[in-house]
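Student: Structure incoming, see below.
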Amino acid sequence: MLCGMRILTGLQPSGKLHVGNFFGAMEPAVRLQDSGEAFYFIADYHAMTSSHDPVALRDHVRELAIDFLACGLDPARAVFFRQSAVPEVNELAWLLSTVCPMSLLAKCHSYKDKTAQGIAANHALFSYPVLMAADILLYDSNQVPVGKDQKQHLEVTRDLAVKFNEVYGEGTVVLPEPIIREDTAIVLGLDGRKMSKSYQNTLPIFGEEKPLKKLIMKIPTDSTPVEEPKVTEGSTILALYKLFASEADYAVMVADHERGGVGYGDFKKRLADAYWDFFGPMRERRSEILADPGYVDQVLAAGALRAREEANKVLQRVRQAVGLA
Ligand code: ADP
Ligand code: TRP
């Protein structure tokens, strides 16, 4: 472990986890829990910017906690908690908002995208990046692993941190570094667009075998006959297969495309099997977690305690700097 390196990331509890979430957020987070002091949280306040269903919120938080643990989050190494278990984050968000130019938020494409999709343009949706900055700065985070779509929010965080320190003194908050996974930054969905809940093109990571494999068998393809070579460029099947297969198996599938003689049905079957095997150990871990009903609450309670302790230290320093203490 690198001494003093704090790694933080948040995941929104917004339904079933998909392969894009896994490679864009969870897998990097799980890998990074060995290289520093990891703080991982469930961004339940953020989820409320676009959904107001208490039953769904509770369910989604629980599901996400179970799934994240199943995917390898180790509560012995990482501090795992709910965002709302540390309400101090709202105070820091307020303090940051006092130095946040409206123009900084107005240019955020996530806000523009969401309102264009028909999500109500409420204040929380607009100021969402300020709360995200508070999430990060509240724990003196050094590194923040996120998918490419969160890059701009990290830039806003850094802008706010610099501004805050200019106003209140160097070192009031710690400037974080984004870690953007470039190689699997955007995982493609079953229709070839970015995999996203909002496009209904997702491949969930947990669920029943038959319906999940069926989703793969329905990936649209062109009508190249079996015996002819197939286009590799822009192939959804190959892009997904690359995530799950060994390098050697992937090379075989590329060669089979180029040579011809293998049909899309066969490629899809290989993809479905590789996908199913890939998540096998995580499915097993998930069943173990489900068999122990108190486990998740216990993990989150311990994480909240630890996170809150750290948050209060930082907030104390900030309150002092701004003149509230
Ligand atoms: P969705 O687009 O399905 O609504 P979220 O916005 O809830 O997904 O994303 C949660 C996390 O997963 C974010 O960190 C995001 O960067 C990552 N993520 C989501 N979709 C993808 C994707 N297709 N490729 C890579 N990362 C993704
Ligand atoms: N906005 C992020 C997402 O939708 C979730 C998030 C909230 C987050 N706060 C954060 C990620 C702080 C990293 C750091 O994926």
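Each reported figure results from applying straightforward, stated rules to the coordinates on display, with no laboratory input. Just so you know, these numbers come straight off a predicted model, no measurement behind them. All Cβ positions, glycine included, derive from the backbone under ideal geometry; neighbour counts span all protein chains shown.
Student: If you place +1 on the Cβ of every Lys and Arg and -1 on the Cβ of every Asp and Glu, how big does the dipole about the Cα centre of the chain come out, in debye to the nearest 20? Before the final figure, lay out each step's value.
Tutor: Details: 36 positive and 42 negative charges, 123 e Å.
My answer is approximately 600 debye.
Student: Related question: So what is the diffusion coefficient of segment 207-278 in µm² per second by Stokes-Einstein at 37 °C and 0.692 mPa s, using a Kirkwood Rh over Cα pairs? Write down the numbers at each step before the final one.
Tutor: On the way: Rh = 12.3 Å.
Calculated translational D: 267 µm²/s.
Student: Follow-up. Using each residue's phi in segment 266-277, evaluate 6.51 cos²θ - 1.76 cosθ + 1.60 at θ = phi - 60° and report the 3J(HN,Hα) Karplus result to the nearest Hz, with x for Gly and Pro.
Tutor: Once rounded to whole Hz, the list reads 5, 4, 5, 5, 4, 5, 4, 5, 5, 4, 5, 5.
Student: Also, I was wondering about something else. Compare the peptides 70-77, 152-159 by average per-residue count of other Cβ atoms within 10 angstrom and give them in order, highest first.
Tutor: Numbers: 70-77: 16.4, 152-159: 19.1.
Packing proxy ranking, top to bottom: 152-159, 70-77.
Student: When only C-alpha pairs under 8 Å and at least 6 residues apart count, what is the relative contact order of segment 2-56, in percent?
Tutor: Working: 44 pairs, mean separation 30.0, N = 55.
Value for segment 2-56: 55 percent.
Student: Determine, at each q value in 0.11, 0.16, 0.19 (inverse angstroms), the log₁₀ of I(q)/I(0) that the Debye formula gives when each Cα of segment 41-176 is one equal point scatterer.
Tutor: Values, matching the q order: -0.43, -0.91, -1.24.
Student: Determine, for each peptide in 15-24, 225-234, the mean count of other beta carbons within 10 angstrom over its residues, then list the peptides with the highest first. Could the numbers behind the result be given before it?
Tutor: Numbers: 15-24: 22.5, 225-234: 11.7.
Final packing ranking: 15-24, 225-234.
Student: Placing unit charges on C-beta atoms (Lys and Arg positive, Asp and Glu negative, everything else neutral), compute the dipole magnitude of segment 85-227 about its Cα centre in debye, rounded to 20. Walk me through the numbers on the way to the answer.
Tutor: Values: 15 positive and 18 negative charges, 128 e Å.
Computed about the Cα centre, the dipole is about 620 debye.
Student: I need the phi-derived Karplus couplings for segment 257-262: 6.51 cos²θ - 1.76 cosθ + 1.60, θ = phi - 60°, integer Hz, Gly and Pro marked x.
Tutor: Each residue of segment 257-262 in turn: 5, 5, 7, x, x, 10 Hz.
Student: Assuming R0 = 30 Å, can you tell me the calculated FRET efficiency for the pair residue 170 and residue 35, based on Cβ-Cβ distance, to the nearest 0.05? All intermediate terms of the calculation are to be shown ahead of the outcome.
Tutor: Working: r = 27 Å, r/R0 = 0.89.
Result of the calculation: an efficiency of 0.65.
Student: Also, I was wondering about something else. Around residue 6, which amide H atoms from residues at least 5 apart in sequence, or from another chain, sit under 5 Å from its own amide H, with H modelled in the peptide plane?
Tutor: Those lying under 5 Å, H to H, from residue 6 are 37, 142, 143.
Student: Restricting to bridges with both residues inside the chain, how much of the DSSP beta-bridge set is antiparallel, in percent to the nearest 5? If you can, show how the numbers build up before the last one.
Tutor: On the way: 2 of 18 bridges.
Around 10 percent antiparallel, to the nearest 5.
Student: Treating the beta-carbon of each Lys and Arg as +1 and of each Asp and Glu as -1, no other charges, what is the dipole magnitude of segment 16-147 about its Cα centre, to the nearest 20 debye?
Tutor: Values: 9 positive and 14 negative charges, 76 e Å.
Using only the charged Cβ atoms, the result is roughly 360 debye.
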